[in-house]
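The values are calculated or read from the model by the stated rules, or taken from the named source; none is laboratory data. Every value quoted in this text rests on a predicted model; they were computed, and no experiment measured them. Please note: Cβ atoms are built from the backbone with ideal geometry, for glycine as well, and neighbour counts cover all protein chains shown. Protein only, heavy atoms only, side chains kept; ligands, DNA and RNA dropped before computing areas. Shrake-Rupley method; radii C 1.70, N 1.55, O 1.52, S 1.80 Å.
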Amino acid sequence: KLPPELNLQELEDHRDRLKKQQAAVSKKVADLILEKQPAYVKELERVTSLQTNLQLAAVICTNARRQLSVSKEGFTEASLGLLANQRRRQLLTGLLKSLRTIKTLQRTDVRLSEMLEEEDYPGAIQLCLECQKAASTFKHYSCISELNSKLQDTLEQIEEQLDVALSKTCKHFDVSHYTKVQLAYTLLGKTQTAMDQLHMHFTQAIHNTVFQVVLGYVELCAGNADTKFQKMQRPAVINPQPRTSSIQVSIHLTLVCRSQPPHITQDSYIPCLSDLCKALWEVMLSYHCTMQWHEEQDNREGPSPTQDGGGASAGPDQSVVDRSYVRKKLEHGLTRIWQDVQLKVKAYILGTDMSHFKYDDFIVVLDIISRLMQVGEEFCGSRSEALQESIKRQSVNYFRNYHRARLEELRMFLENETWELCPVKSNFSIAQLHEFRFMVQCRSPSLSPSRQAGSGADLSLFQQFLLEGNPFEMHIDNKEEETEDVLASNGYESDELEKSVFQDYDSDSDVPEELKQDYVDEQTGDVPLKSVSRETMRSHKKSDYSLNRCNAPILTNTTLNVIRLLGKYMQMMNILKPIAFDVIHCVSQLFDYYLYAVYTFFGRNDMPAPSPSLLSQSGRETGGARVVGPACLYESSGLGLISSRLRTTLNRIQENLIDMEAAGESVGAHGSVEDRKEKVPSPHLSQMVVLTNSGTLYGLAQRVVATESL
């Protein structure tokens, strides 16, 4: 604060002014101190008192801390330490239990493997689900995450083995095994999925069965030869698409059966078909048993799925939905399974030309297919249109060729027939012939188990063969028995009787008196000058042997042959209803041809002198009897010895059945070449039969035998 220019006087004046101010302030302070002196004394006393109280409080706190320290050492630390140790013990006990559980979970895979080997699928799934539940409880442990993943893989492995176990029921149904499998799927909550898988396995089982059977016979027929068939099939067997696989199976079967040379020979065809039907029967029987099992479960109305399973949360309502789904799925699967079976068998049937099969072999094929259609009807109520259509095609083709061959065979029999009496048993009946044995079986179900289903009170095929056996095995056994019975029931009753028959031919004791007398000519009424010779009489005795023994029917070898053919045709009609009309038409042709032959051989002797269209007697003996014209043979006789009905019948037979072109007439007169294929040439009388010898009464014995046999 000094001025820019220092002046002593001003500085001293300023100093004096400051001293005065200080003196005034000091006086004022002294006055204030004196004024506040009592209050100061009083407050000092309070401070002194407060200091005394604080010292006392310090002593009290010191004593309290000392006492608290004694309490801590004597009570708190000991008691609370016990409690803390107890809590720690409990925590460690829980940890030990958890560790033991984890250890058990780690060892679960061994037990699961044992249960799977024992096929205890429900127990394995139950254990696996419990382990997963436990693993989720201990998921805060780091080791559990790996274990949980392992359990999930194990569960998937169990489902795979369960699927394999489910597929085994398609060929061999076992109640306990299937019950375990279904319970396991219930625990998994996959009842509907199991039913879908089951149908896929049944479809696959049909495909694999067909391949195994057919491939086995292909390899058997081929021997060591390399076949492309085996390489061709394999992809189809493992094809996961059933419908595509079904088409491929049918195509491959057709290729196998129609190949040249055939992979399956004619000798192996029927055994292969039989084994094929047996194997397919096992599959259908398993499906039938599966449906029965589910029907019994529905009737019991058992409890809903266990609450431990994956689908347990749905409750009883979900169980009802599952049962309804399973029932509808099974009912729908019946038709699908049978359709697959039909397609396989149809492909096998149509793949082979059966026109050259033996009759008995073809009847066996028809019987097997008929039995299979019966199985299909009982299985799902199907009429088996596919099988009927295929077997009808084969039957029409076979029967056309067969009937043509039989007509030619009959013509050969007629042209070589001597019209001698064929000795038969005294109690001869067509039922004794092998060809008519099927009629006895139809009337007596006990002889043919396959027909028992036809009677009302008897069991169906599925009920008969539920536990054991096979309807197609019964078929083979019956055929063998029938063959033995036929061999024992034809011909003579014994060797001694056969010998006695020809011994009796040397005696006149059995000759009727009428044959010993002179005979009268039918047309002129004249009596010949001499009687029949001993040789002629012996011939008549031999021809009339059966007539003299209990009035047995008068038959010839050709008659028996025709009767056997009728039996075969009837058997075919019985087995194969769709072509029954065609067969009965052919039956009438057999009789018509026999009738035509008998009349041609013996009935035309009633005619007047030969006309341009008629041949001489010698011409007929050499086969010229085939040259016959209906206009002059049957309509211009004018003698009235045959009725108009017979004349019309003979004309119809000649027009529809007799091949006149073979006798030299034009084709246009009797139809086209196609029509001629359905006709047969007219037979001619054997040269061994002489109808012009008066010594044999102009063949009276042969005429009688022929007429009576007709």
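Remarks
- Any hit, the range 369-388, residues being touching a residue at least 12 places away in the same chain (Cβ under 8 Å), over 14 Å from the mean Cα position of the chain (by Cα) and farther than 28 Å from HIS201 by Cα: no
- Against the numbered list (1) modelled with pLDDT under 90; (2) in a helix (DSSP H, G or I); (3) of a type in the set (Asp, Glu); (4) open to solvent by 40 Å² or more (accessible area, probe 1.4 Å), GLU408 comes up short only at (1).
- Pairs meeting the criteria (first residue in the range 577-598 and farther than 17 Å from ARG652 by Cβ, second residue part of a helix (DSSP H, G or I) and open to solvent by 60 Å² or more (accessible area, probe 1.4 Å), beta carbons under 9 Å, at least 6 apart or on different chains) are LYS577/GLN388; PRO578/GLN388; PRO578/GLU389; PRO578/LYS392; ILE579/LYS392; ASP582/ARG400; VAL583/MET570.
- The number of residues in the range 351-362 that are surrounded by fewer than 20 Cβ atoms within 10 Å (Cβ to Cβ) and in a helix (DSSP H, G or I) comes to 3.
- Test: residue in the range 78-100 that is part of a helix (DSSP H, G or I), out of contact with any helix residue (DSSP H, G or I) (no Cβ under 7 Å at 6 or more places or on another chain), in contact (Cβ under 8 Å) with a residue 12 or more places away in the chain and open to solvent by less than 100 Å² (accessible area, probe 1.4 Å): yes
- The condition of being hydroxyl-bearing (Ser, Thr, Tyr), open to solvent by 20 Å² or more (accessible area, probe 1.4 Å), in a helix (DSSP H, G or I) and at pLDDT 85 or above holds for only one of TYR398, TYR325, TYR348, that being TYR325.
- The single condition among (1) at pLDDT 85 or above; (2) over 23 Å from SER286 (Cβ atoms) that MET200 does not meet is (2).
- Subset of the range 691-710 [out of contact with any helix residue (DSSP H, G or I) (no Cβ under 7 Å at 6 or more places or on another chain), farther than 24 Å from PHE591 by Cβ and either of a type in the set (Gly, Ala, Ser) or modelled with pLDDT under 85 (or both)]: SER694
- Residue within the range 380-387 that is small (Gly, Ala, Ser), open to solvent by less than 30 Å² (accessible area, probe 1.4 Å) and not in a helix (DSSP H, G or I) present: yes
- ALA669 being at pLDDT below 75, in contact with a helix residue (DSSP H, G or I) (Cβ under 9 Å, 6 or more places away or on another chain) and crowded, with 16+ Cβ neighbours inside 10 Å: no
- Annotation note: of SER259, SER313, SER304, the sole residue that is at pLDDT below 75, over 23 Å from GLU473 (Cβ atoms), touching a helix residue (DSSP H, G or I) at 6+ places or on another chain (Cβ under 6 Å) and open to solvent by 20 Å² or more (accessible area, probe 1.4 Å) is SER304.
- Within this structure, GLY333 passes the test of being among the small types (Gly, Ala, Ser) and modelled with pLDDT of 90 or more.
- Number of the exception - ASP340 against (1) part of a helix (DSSP H, G or I); (2) open to solvent by 20 Å² or more (accessible area, probe 1.4 Å); (3) among the acidic types (Asp, Glu): (2)
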